[in-house]
Amino acid sequence: MTIDLSERPGRLTADLSLPPRLRAILEAEYPRFSNAEMTRRRAAIGNLLGEFELDHLVYCGANRFGSAVQWLTGWPVTAEAVGVLTPKIPDALFIQHINHAPLARQLAAPAEVAWGGASSIAAAVAALERRGARAGRVGVIGPMTFEQHAMLAARFGTIVNLNRRYVRLRQIKSPEEIDWMRIGAALTDRGMAALRDGLRPGLTERELADLVERSYIALGGTNVIHFFGVTPMADPSIGVPTQFVANRKVNAGDAVVAEISAAFWEHPGQVLRSFAVGTEPPKLYRDLHAAADAAFDAIAAMLKDGTTAREIIDAAGVIEQAGFTIIDDLLHGYGGGYLPPVLGSRSRPSAHIPDEPLCAGMMVVIQPNVVTPDGKAGVQTGELVLVTATGIEPLHAMPRGFIRV
């Protein structure tokens, strides 16, 4: 389906249309999860420690990467954060840089927050010693460096890697997490709508990024990604959105394929759409998008609690039947990271096809990126959905279709 928006009939509204419970979260000075939700998370970690016969957990992140820190404390990682969790007592959380510690004390309460000094991992080792930690009884979650691991292991012996089990904990979302991701999805829709309403010949890809980010920053959103693939439909050379914008202008006759994620704190949406600039898309691009729509619809129709990865891949066989393939992943889990299952297609298989079925409470992005076999022409459509017992619940309101602007 091609949607003609060349007359630009719609404009962005001034705010997000959210129900009162979500607007209250959005409008808080610093939003917080409930005590019950944070207790649930700590109980899940406590059970994990018990399963592995561990007494303490070290969790860490750096350079805005490492979701466990925010999940357990509410502090978004900046330069570096290292936490120590011991069941039944407050966490110790060590922050770099010193000027970040005052806000961390506010956001991460009731954790005991301190500046990490010359080395946050050294401060964590000292905290473990004060807590009587024993060799072989410490686990870790997060992107730990070689040097950090060496310091822990030198004092506490074998350190148990709990990252895979943590990922499993994050696959099933709580009702509160789903609500925060609904806000992230609304912000993401606003970014894609801004691209749709502002896209025109003469803009550079850098200016497309500006359109997207400017639409949600003032409403509390943060950028996760805005990937664009811009190429002439008459002589295409790009089949999938690129991760960095080029200093290239959009021209009439171009296809613009976009993947956008904006987040509300750590909780993002994700929406993917394709645009034809200034002209109707030619037959090749219409056929590509028809196959993408068919794949999305086939997956969406059968996705529910208990659906297997192989069933999803089989449903997407319409792509190969149409003579096309994919570059990007067909489907992936989302929220708290790029999560399993991460699936390819028959002609572009994934590294691993899991045996475990999908479960209610998972959030996944269905995103068929249908391309020609040579990878030079492609489109993409898709969005974040919630898996339920009986089907899926879409989180996005951005209309689907191959949009002409």
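The values are calculated or read from the model by the stated rules, or taken from the named source; none is laboratory data. The structure presented is a predicted model; accordingly, all values stated were derived computationally and were not measured. Positions of Cβ are backbone-derived with ideal geometry, glycine not excepted, and every protein chain shown enters the neighbour counts. These accessible areas exclude ligands, DNA and RNA; they are computed on the full protein's heavy atoms, side chains included. Shrake-Rupley method; radii C 1.70, N 1.55, O 1.52, S 1.80 Å.
As a rough guide to protection, the peptides 134-145, 180-191 ranked by mean Cβ packing within 10 Å, highest first, stand as 180-191, 134-145. Return one number: the angle in degrees, 0 to 90 and rounded to the nearest 10, between the long axis of the Cα atoms of helix 35-51 and the longest principal axis of the Cα atoms of the chain. Helix 35-51 sits roughly 70 degrees off the main axis of the chain. Ordering 257, 87, 232 by the projection of their Cα atoms onto the charge dipole of the chain, which places +1 on the Cβ of Lys and Arg and -1 on the Cβ of Asp and Glu, puts 87 at the extreme positive end. What the Cβ-Cβ distance of residue 39 and residue 311 gives, at R0 = 22 Å and to the nearest 0.05, is a FRET efficiency of 0.05. Restricting attention to the chain, lysine pairs at least eight places apart or on different chains and with alpha-carbon atoms under 27 angstrom apart total 5. The share of alpha-carbon pairs in segment 120-186 lying farther apart than 15 Å comes to 62%. Placing one equal scatterer on every Cα of segment 342-405 and applying the Debye formula, the log10 ratio I(q)/I(0) at q = 0.16 Å⁻¹ is -0.73.
Accessible surface of residue 376, taken over heavy atoms with a 1.4 Å probe and every protein chain present, rounds to 110 Å².
Going by alpha carbons, how many degrees (0 to 90, nearest 10) lie between the helix axis of 283-302 and the longest principal axis of the chain? Once rounded, one gets 50 degrees. Projecting the Cα atoms of 389, 185, 100 onto the dipole axis of the chain, where Lys and Arg carry +1 and Asp and Glu carry -1 at the beta carbon, places 100 farthest toward the positive end.
Largest GNM mean-square fluctuation across 83, 335, 50, computed for the chain with C-alpha springs under 10 Å, falls on 50. Of 308, 78, the order by accessible heavy-atom surface (1.4 Å probe, DNA, RNA and ligands excluded), from most exposed downward, is 308, 78. At an R0 of 35 angstrom, the distance between the Cβ atoms of residue 153 and residue 174 translates into a FRET efficiency of 0.55.
Computing Cα extents along the principal axes in Å for the structure here picks out one of (1) 59, 53, 52; (2) 69, 43, 40; (3) 67, 54, 38, namely (2). In the chain, helices alone account for a calculated mean residue ellipticity at 222 nm of -10500 deg cm²/dmol, with every DSSP H run of four or more residues adding -39,500 (n - 2.57). Using alpha-carbon pairs under 8 Å, 6+ residues apart, how would you state the relative contact order of the chain in percent? Reported relative contact order: 16 percent.
Each eigenvalue of the Cα gyration tensor of segment 188-277, multiplied by 5 and square-rooted, gives one semi-axis; in descending order these are 23, 12, 10 Å.
When both segment 113-186 and segment 257-305 are represented by their alpha-carbon centers, they are found 36 Å apart.
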